[in-house]
Every structure is written in structure tokens, then in C-alpha cells.
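Peer 1: Below is the structure I would like to discuss, written out as C-alpha cells.
Since every read-out is calculated from the coordinates, none of them should be taken as a lab result. Remember, predicted model here, so these are calculated numbers, not experimental data. Don't worry about glycine lacking a Cβ; one is built from the backbone with ideal geometry, like all the others, and counts go over all protein chains shown.
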Amino acid sequence: MEHRHHMPRYEKIWLTIGAASLVVFLVILGVMAFGMGLDAPGHMQTIAPAEVAATPPFNKPALQQRAPGEYDLFMVGQIFAFNPGEIQVPAGSKIHFHITSPDVVHGLLIPGTNVNMMIVPGHVTEFTYTFKQSGDYPLLCNEYCGMGHHLMMGRLHVT
């Protein structure tokens, strides 16, 4: 006597939906990884938190021109300020942010852009963004860092 296994229709439908979702996820992952060049962070630069104030270039945080229209911005986020706190660049500038903290975890958020960085003591966080629109952009700490957290802000002037 032969037994046939019959799969109910609703199980076939859900198996198909699950398999299709997996295929869509893998296609999106492939497009992001290979087509858009997105990758997990690697080769993270580290710095001793106690040595930030004595370690170049963070001992003199500043905006440095790398090429025409391209800048390196070395910043320190510390209780309760960004250093430098006021930055000015021409519109269309590409800024390579390099930021660290000697004390606690901070954040750097620039509203209206996709600049949203976590600043972790012992690590140098890096991000690149091109500021195409002129205007004044606030630099905000978006990670609670203590009683004066609400005072931690700066300004980026794009002219």
C-alpha cells in the first residue's frame, strides 16, 4: 500500500511567500554590498581616550583642506562641547569627518543630512558627506552624555 503525503494549499502558499522573501532579501543585500559599495566597518582606528588631548591631529582639532572642495575635519566630542564648535566651508564641499571622545559616548547628528555618528571613547569614527546646499547646519549630540547634554552643540556654516 502506497502513502502519499498531501500538503495543504495554505502551507504551499506560506512556503512560497517565505522563499520569495528570502530571495528578495538576498537580492537587496547583494545590490547594497556590491552595487552600492556598502560594507561593514573595518580597519577601525583607535586612540587612547586619556591621550586624545596630546595626540595629533586631535590635540589641535581643525578643518584641513585635502584638495579643492575636499576637507578633513578632525573633531573631539567631549563633555559638553564639540571642538571645533564653529566650522565654515563652501557649498559643494566634501567633508571627511574624523571624530573621537576622551570621556563618554556622544553622538554627532546634523539634521537635514545623513550625518549621524556615534562617538565612542577609544575609537575614531569616520564618515564622509558632501554639503551641496548652503546654510547653517546645527551640530547636535544625540547620545545622552550627562547633565549638560542639552548644551552640547555646534554649527557648520556652508556658504
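Peer 1: Between 47, 17, 119, where does the largest GNM mean-square fluctuation fall for the chain, given springs only between Cα atoms within less than 10 Å?
Peer 2: Highest fluctuation among the options: 17.
Peer 1: What does the extension gain come out to for residue 54 and residue 14, with contour length at 0.36 nm per residue minus their alpha carbon separation?
Peer 2: Result for the pair: 8.4 nm of gain on full extension.
Peer 1: Using only C-alpha positions, report the orientation-averaged shadow area of the convex hull of the chain, nm², one decimal.
Peer 2: Here the figure is 15.8 nm², rounded to one decimal.
Peer 1: 222 nm [θ] for the chain, helices only, -39500 (n - 2.57) per DSSP H run of 4+, per residue, to 500?
Peer 2: Mean residue ellipticity at 222 nm (helix-derived): -5000 deg cm²/dmol.
Peer 1: What FRET efficiency do you get for residue 32 and residue 62 if R0 is 35 Å and r is their Cβ-Cβ distance, rounded to the nearest 0.05?
Peer 2: Efficiency, rounded to the nearest 0.05: 0.55.
Peer 1: Given H placed 1.01 Å from N in the peptide plane, which residues other than close sequence neighbours of residue 143 have an amide H under 5 Å from its amide H?
Peer 2: When sequence neighbours closer than 5 places are left aside, the close amide H contacts are 107.
Peer 1: Which angle between 0 and 90 degrees, to the nearest 10, do you get for helix 9-30 versus the longest principal axis of the chain when only C-alpha atoms count?
Peer 2: 30
Peer 1: Calculate one ³J(HN,Hα) per residue across segment 126-143 by plugging θ = phi - 60° into the Karplus curve 6.51 cos²θ - 1.76 cosθ + 1.60, and present them in order as whole Hz with x for glycine and proline.
Peer 2: These are the phi-based 3J(HN,Hα) values: 10, 7, 10, 8, 9, 8, 7, 9, 6, x, 9, 10, x, 9, 10, 7, 10, 10 Hz.
Peer 1: Moving to a separate point now. State the antiparallel share, in %, of DSSP beta bridges confined to the chain, rounding to the nearest 5.
Peer 2: 70
Peer 1: Above 22 angstrom, tally the Cα pairs of segment 61-141 and express them as a % of all pairs, no decimals.
Peer 2: Everything past 22 Å amounts to 17 percent.
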